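The values are calculated or read from the model by the stated rules, or taken from the named source; none is laboratory data. Quick caveat, the model's predicted, so the values are computed rather than measured. Using ideal geometry, Cβ is built from the backbone for each residue, glycine included, and neighbour counts are taken over all protein chains shown. Each accessible area value is taken on the protein alone, full model and side chains, heavy atoms only, with ligands, DNA and RNA left out. Shrake-Rupley method; radii C 1.70, N 1.55, O 1.52, S 1.80 Å.
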Amino acid sequence: MSAVDSYLLGGTAGATELANETNAWRPLHFYSIYRLTLAGLLAFLVLTGNLSSPFGSLEPQVFYWTCLAYLVFALPAGFASRLHLFPYNLQVVTALGVDLLALTLLIHASGGINSGLGMLLLVTVAAGSLLLPNRGGIALAAAAALMLLLEQTHLVLAYPKLSANFPQSAMLGAALFATSALAHVLASRLRVSEAVAAQRGLDLANIAQLTRFALQQIPVGVVAVDAQDRVRLMNDSAWRVLGRPSPSEKNRLVQVSKALDDSLQAWRGGRRVFDPLRVGESEVLPRFVGIGTGQYAGTVVFLEDAAATARQVQQLKLAALGRLTASIAHEIRNPLGAISHSGQLLAESELGEQDRRLVEIILNHAHRVNHIIESVLQLGRRDKTRPSSVRLGPLLEELRSELLAVTGLPAESVHLEFLEPATTWFDAVHLHQIVWNLCQNAVEHAAVAQGGPRVTITASERGIEVCDNGPGVPPELLPNLFEPFVTSKQGGTGLGLFVSRELAECNQAQLEHIEHESGTCFRLSFDQSAAAVREPEEFMGEQVKHA
């Protein structure tokens, strides 16, 4: 399971837990503020002597010390609820118990239920219904009603001259139960609503997280712009294409890219934009999609790399051309074989000098056409790659021997150098074909060199280089060097480098022409991430030369 999946599952499952935690500590903190305010106000009235009847009319000393003790308790209780110093249930039960005791003492010191302070118990019971789980609020209301009844009983026994008011106590007790029941229903609905809201918030956060994750993974640049042309979102691909702007430059699109902003305004004006756009050092194809309507309508800009798109188009064209030419080559092969066979039979007949020359021309061109067909048909092997662990030492040694045997060159004309023991992950047949094509080209183009052709093959873990001492590639051919049918050799097909590059790419390798002091040099670079298999190979020494 991926990290994103874990995040989503954990977020969804934890929605209720998060809502419960929010429902618990935050109301407790607010109630602590209420308690501190009430205790502070009562203590202020007591200390300044501004108490009015009936506050403390029956027992002033009890009222005085109860107010101060209540304030002393309210201060640390507020900090404890804010900092979560103690378990939640312990704090709630302790705080509500102290509240009931303090308020009952204040009611008694002020002359009983007739003082009107009993109304403060309604706030405490309502808060308890919100803070206590299940039906704890009903238990708190029962405890408050029982304490009121005990207080009235004690008042009658301690002060016989005072008239008892049990009916009013009973009515206040009933109000406490009604308040508790109503607060419990409201608290239950509030908890459900907040749990649903927390769930929706987590769902939205998950969707936003997935959206950001998906946008960062796609290779196409994505920029979201609001109606005021402020950049609201930009993925990594767009950030790189637009020249890696700093966060301060992401306020408006015109600050990020003036050319892209002009193109957006042209699109909004009704002009369709199809031309590549020069942004920094890259060419991109912008595509605009409107989102929303009215004054809050925004725009999503997709930035595709024009070079990558051109390569894809070129690959599609070449693939179609390859299939077409392969089918044509297959159809040509049979009549070509008949022509070549007839020409060979004709060459064995008694012919004049002029007729022999004509037969020779027929056979040469038949051989050339057959070579073109073989090269074209090799392109069909791209889908039949069989990579394996290839030891470069034995493969290049065998190839060097074949090259010397076919060309008839002296042994010192082909140098084989190993910078390190090398093993790569490659299709052995393809690798042999690529290096053979490069070596054959090197021998043919360096044939005019003084002292004869000299070919150097250098191998390492990173790749293979094939260099010669020829005249080099004409500058006008360099831009299209790997295109089909591009060649500087008279009578050549121009398919050797094209086929070699195609075979290299289907093995995740790269074939390129590199600058060299003299002559021509090609480098076949291996994909290091694909070289998963490394077999031990006998060390052949640095710069070992085979003469």
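Computed values, structure above
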{"quantity": "Net charge, residue 405 excluded, C-beta distance under 14 Å - Lys, Arg +1, Asp, Glu -1", "calculated": "-2"}
{"quantity": "Calculated FRET value between residue 101 and residue 210, using beta carbons and R₀ = 51 Å, to 0.05", "calculated": "0.45"}
{"quantity": "Using a Förster distance of 56 Å, the FRET efficiency for residue 351-residue 275 (Cβ separation, nearest 0.05)", "calculated": "0.35"}
{"quantity": "Environment charge at residue 185 (Cβ cut-off 13 Å; Lys +1, Arg +1, Asp -1, Glu -1)", "calculated": "+3"}
{"quantity": "Nitroxide proxy distance, nm - points 7 Å out along Cα→Cβ at residue 159 and residue 525", "calculated": "9.8 nm"}
{"quantity": "Extreme residue, positive dipole direction of region 90-233, given options 159, 132, 214 (C-beta unit charges)", "calculated": "214"}
{"quantity": "Long-range HN-HN contacts of residue 427 with modeled amide H, under 5 Å", "calculated": "388"}
{"quantity": "For region 192-204, 3J(HN,Hα) per residue [Karplus equation, 6.51 cos²θ - 1.76 cosθ + 1.60, θ = phi - 60°, Hz, x = Gly/Pro]", "calculated": "5, 4, 5, 5, 5, 5, 5, 4, 5, x, 5, 4, 5"}
{"quantity": "Whole-Hz ³J(HN,Hα) from phi, Karplus 6.51 cos²θ - 1.76 cosθ + 1.60, for region 146-161, glycine and proline x", "calculated": "5, 5, 5, 5, 5, 5, 5, 5, 4, 5, 5, 6, 7, 10, x, 6"}
{"quantity": "Ranking by accessible area, most exposed first, for 34, 88 with a 1.4 Å probe", "calculated": "34, 88"}
{"quantity": "Amide H within-cut-off set for residue 277, under 5 Å, with H built and near neighbours excluded", "calculated": "284, 285"}
{"quantity": "Stretchable slack from residue 266 to residue 478, in nm (0.36 nm times residue separation minus alpha-carbon distance)", "calculated": "72.5 nm"}
{"quantity": "Residue-count net charge about residue 512 - beta-carbon cut-off 11 Å; Lys, Arg +1, Asp, Glu -1", "calculated": "0"}
